[in-house]
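Undergrad: Structure in structure tokens, see below.
Read-outs throughout are calculated quantities, based only on the coordinates presented, and are distinct from any laboratory measurement. Only a predicted model underlies this, so the values are computations on that prediction, with no experimental measurement involved. Glycine gets a Cβ as well: all are built from the backbone with ideal geometry, and neighbour counts include every protein chain shown.
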Amino acid sequence: MSTTDTPRKAPRNLLVLLPLLAFLGLAALFFFRLGAGDPSHLPSALIGREAPKTDLPPLAGIERDGKAVPGLSNATFEGKVTLVNVWASWCIPCRDEVPFLEQLSKDKRVQLVGINYKDAPDNARRFLNRFGNPFAASGSDESGRNSIDWGVYGVPENFLIGRDGRIAYKLVGPITAENLVKVLGPEIEKALKP
């Protein structure tokens, strides 16, 4: 082996390591940009804008406090701080958040309404009868078209609407004990301020 072979191995070894270094760099970038943040808070182009035009029929046969639950329209949001919960009977995390929705429904300062997303009405009724109906109003979006206008990625998602009818906050994923206290609760308090 001569001394002239050694300088040739270094560039060759570097070429072999280059793809590995590139992969590790990309993995680190994805980890810090996607993995380190709060996955329940995705940026929404609708924050600060008026709630999308909403005119959804009621989910027939649903009652709360002995009264039929109405459908959903933009008039529902007028002058009230409203939490809009997008849910479906086939959504397992939607079941997990029902106790927290029930808790929120007892807070008379906030109106809780629902959008039933791409669901069969019979399944949605069974879900609410089994797990409880926390909604003051609930619109049926069987096609999912209205939910697309809201920017829904999947269910559950929650939108906080201020008294001015503008979207103040968006929570992706189910309401949990932790995010209710640390995130959603403070956002509701901000929206309640005059």
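Undergrad: Report the one residue of N123, S147, A45 whose Cα lies farthest in the direction of the positive end of the charge dipole of the chain (charges on C-beta: Lys and Arg +1, Asp and Glu -1; origin at the Cα centre).
TA: My answer, from the dipole projection, is A45.
Undergrad: Order 93-104, 179-190 from most to least packed using the mean count of other Cβ atoms within 10 Å.
TA: Going from most to least packed, we get 93-104, 179-190.
Undergrad: Can you give me the distance in nm between label points at I47 and R130, each placed 7 Å from the Cα along the Cα-to-Cβ direction?
TA: Here the modelled spin labels are 3.5 nm apart.
Undergrad: Excluding same-chain residues fewer than 8 positions from K182, which lysines have a Cα within less than 16 Å of its Cα?
TA: K170, K190
Undergrad: Another question, if that's okay. Where both partners of a DSSP beta bridge lie in the range 55-192, what percent of those bridges are antiparallel, to the nearest 5?
TA: 55
Undergrad: Please get the size of the charge dipole for the chain, origin at its Cα centre, with Cβ charges of +1 on Lys and Arg and -1 on Asp and Glu, quoted in debye to the nearest 20.
TA: 440
Undergrad: Summing +1 for each Lys or Arg and -1 for each Asp or Glu, what net charge is found among the other residues whose Cβ lies under 15 Å from the Cβ of N146?
TA: Summing Lys and Arg as +1 and Asp and Glu as -1 gives -4.
Undergrad: By counting other Cβ atoms within 10 Å of each Cβ, how are F131, F77, F23 ranked from fewest to most?
TA: Least crowded to most crowded, the residues run F23, F131, F77.
Undergrad: Mind listing the phi-derived Karplus ³J(HN,Hα) values for the range 87-95, rounded to whole Hz, using 6.51, -1.76 and 1.60 with θ = phi - 60°, and x for any glycine or proline?
TA: Whole-Hz 3J(HN,Hα) from phi for the range 87-95: 9, 8, 5, 7, 8, 5, x, 4, 5.
Undergrad: Summing Lys, Arg as +1 and Asp, Glu as -1, what charge do residues with Cβ under 10 Å from the Cβ of G79 carry, G79 excluded?
TA: Residues close to G79 contribute a combined charge of 0.
Undergrad: Would you tally the net charge around P57, using a Cβ to Cβ cut-off of less than 14 Å, leaving P57 out, and scoring K and R as +1, D and E as -1?
TA: The answer is -2.
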